[in-house]
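K.L.:
Below you'll find the structure I mean.
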Amino acid sequence: MLEKLAERYAEREGLWGIEVLNEPVTELIWTYGKIQERYPAAEPEMAKGSAPNSLEFLRDFYTRAYRRIRKYLPEEKCIVIHDAFMLKSWKDFMREKEFRNVILDTHMYLMNAEGMGCEQNLKGYLNFIEDNFAKDIAEMQEYFPVICGEWSLFNSYLCGFDTKGGQSVLNGVQATEKNHLDEEEKRSVYRKLADAHLRAWEQGEGYFYWNYKLLLDTVNEEGWAGWDSWDLGKCYSLEWFPTIGGQKER
C-alpha cells in the first residue's frame, strides 16, 4: 500500500511527504497505556495472541518501507518515521548515506506526561514541557529533523478532574467540569501552555496540532467537558492559542 501511494502521488506539488506508520505500539505503550483494557477487542477470539511490536521489527519495517517508497518518491519529498513513543531510541538508526530526507515524528501530549508523574497543575506542566519535551527534541534534532506531529492543549487540570490519560465517553468516562477556574483564568493558563509548547517545538522542525476542527458539541453533548482544547479552531476563537501577529501577553 505504501508503495502504491508513493507511485501515485510522488509528483503531486502538494505532497510534503509520507509517514510510514502512525503510533506503532511497543512494550512501553502497551503496558503503560493498558491497551487491551482501554480498547477492548471487538472480536476477542481473533485478538488472542495480540502483542506489542519490538523495536527490532520496526527498524526492519521502516528500512524496507523507505526503500520501496523512495523508488518513486523524489528526494525532496520527506519520508517520515514515528518514534513509537521512544524518541531517544533512534540515535543509531538510518545513519547511512542511503537514507535521505527522513523526518522523525514524535507525539507529545500533556495527558501522557500526567501518566509519567507530571503534576496536574500549571507549574507542573510548564516544568515538564521545558525539562522533557523541549530538551528531548533538541537532543534528537542532532540526529534527525524532528517534528511534533501530534499535540494539543488538552490536560486534566483544565478539565477539572484526572482524565486518566485522556479517556473519554468512548472509554466510558463521563467528564463533568467542576468550573474551578473562571473563563479569564482558563484563558490565561491555556495561553501560557500554548506559548511553552511552541517554544519547545522551535527546538525541532515544527509541529502539527492534533486537529483543526473537532466534530463534537462539547456544550450540549454530555461527558465532553474540557475537550474543546483538541480543536485548534476553537482555541483560536477563544484566544487560548496565539494568532499570527501575536496578541497581548496573558
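The values are calculated or read from the model by the stated rules, or taken from the named source; none is laboratory data. All values reported here derive from a predicted model rather than from experimental measurement. Glycine gets a Cβ as well: all are built from the backbone with ideal geometry, and neighbour counts include every protein chain shown.
K.L.:
Please name all residue pairs, on different chains or six or more residues apart, with Cβ atoms under 6 Å, provided the first residue is in segment 214-239 and is at positive phi and at pLDDT 85 or above and the second residue is surrounded by fewer than 19 Cβ atoms within 10 Å (Cβ to Cβ) and assigned to a helix (DSSP H, G or I).
P.N.:
So the pair list comes out as Glu239/Arg187.
K.L.:
From the list Glu119, Glu114, pick out the single residue that is surrounded by 17 or more Cβ atoms within 10 Å (Cβ to Cβ), under 19 Å from Gly226 (Cβ atoms) and out of contact with any Leu (no Cβ under 7 Å at 6 or more places or on another chain). Walk me through how you get there before you give the answer.
P.N.:
Values: Glu119 fails: surrounded by 17 or more Cβ atoms within 10 Å (Cβ to Cβ).
Of the residues listed, the single one that is surrounded by 17 or more Cβ atoms within 10 Å (Cβ to Cβ), under 19 Å from Gly226 (Cβ atoms) and out of contact with any Leu (no Cβ under 7 Å at 6 or more places or on another chain) is Glu114.
K.L.:
Return yes or no: is Gly14 free of Cβ contacts under 8 Å to residues at least 60 places away in the same chain, closer than 21 Å to Phe154 by Cα and in a loop (DSSP other than H, G, I, E, B)? Give the steps one after another, and end with the answer.
P.N.:
Working: free of Cβ contacts under 8 Å to residues at least 60 places away in the same chain: yes; closer than 21 Å to Phe154 by Cα: no; in a loop (DSSP other than H, G, I, E, B): yes.
Criteria not met by Gly14.
K.L.:
Limited to segment 220-238, what total is found for residues that are loosely packed, with under 14 Cβ neighbours inside 10 Å and touching a helix residue (DSSP H, G or I) at 6+ places or on another chain (Cβ under 9 Å)?
P.N.:
2
K.L.:
So, of the residues in segment 18-71 that are on the phi > 0 side of the Ramachandran plot and under 22 Å from the mean Cα position of the chain (by Cα), which turns out to be surrounded by the most Cβ atoms within 10 Å (Cβ to Cβ)? Before the answer, list the steps.
P.N.:
Pass one, segment 18-71, residues on the phi > 0 side of the Ramachandran plot: 23, 34, 49.
Those still in the list that are under 22 Å from the mean Cα position of the chain (by Cα) too: 23, 34.
Details: Glu23: 14, Lys34: 12.
Filtering first and then ranking leaves Glu23.
K.L.:
Tally the residues that are within 18 Å of Leu126 (Cα to Cα), assigned to a helix (DSSP H, G or I) and not basic (Lys, Arg), restricting the search to segment 177-212.
P.N.:
Count: 12.
K.L.:
Looking at segment 127-139, can you tell me whether even one residue there is surrounded by fewer than 15 Cβ atoms within 10 Å (Cβ to Cβ), under 21 Å from Ala196 (Cβ atoms) and of a type in the set (Gly, Ala, Ser)?
P.N.:
Yes; the residues of segment 127-139 include at least one that is surrounded by fewer than 15 Cβ atoms within 10 Å (Cβ to Cβ), under 21 Å from Ala196 (Cβ atoms) and of a type in the set (Gly, Ala, Ser).
K.L.:
Quickly run through segment 133-173 and pick out the residues that are farther than 22 Å from Arg95 by Cβ, polar (S, T, N, Q) and assigned to a loop (DSSP other than H, G, I, E, B).
P.N.:
Of everything in segment 133-173, those that are farther than 22 Å from Arg95 by Cβ, polar (S, T, N, Q) and assigned to a loop (DSSP other than H, G, I, E, B) turn out to be Ser152, Asn155, Thr163, Gln167, Ser168.
K.L.:
Of Ile103, Ile129, which residue is at pLDDT 95 or above and within 24 Å of Tyr236 (Cβ to Cβ)?
P.N.:
Numbers: Ile103 fails: within 24 Å of Tyr236 (Cβ to Cβ).
Testing whether each residue is at pLDDT 95 or above and within 24 Å of Tyr236 (Cβ to Cβ) leaves just Ile129.
K.L.:
Output the residue which, of all residues in segment 198-219 that are aliphatic (A, V, I, L, M) and touching a helix residue (DSSP H, G or I) at 6+ places or on another chain (Cβ under 8 Å), is surrounded by the most Cβ atoms within 10 Å (Cβ to Cβ). Show your work before the answer.
P.N.:
To start, the set of residues in segment 198-219 that are aliphatic (A, V, I, L, M) comprises 198, 200, 214-216, 219.
Still in the running and touching a helix residue (DSSP H, G or I) at 6+ places or on another chain (Cβ under 8 Å): 200, 214, 216.
Details: Ala200: 22, Leu214: 18, Leu216: 16.
Checked segment 198-219; the qualifying residue surrounded by the most Cβ atoms within 10 Å (Cβ to Cβ) is Ala200.
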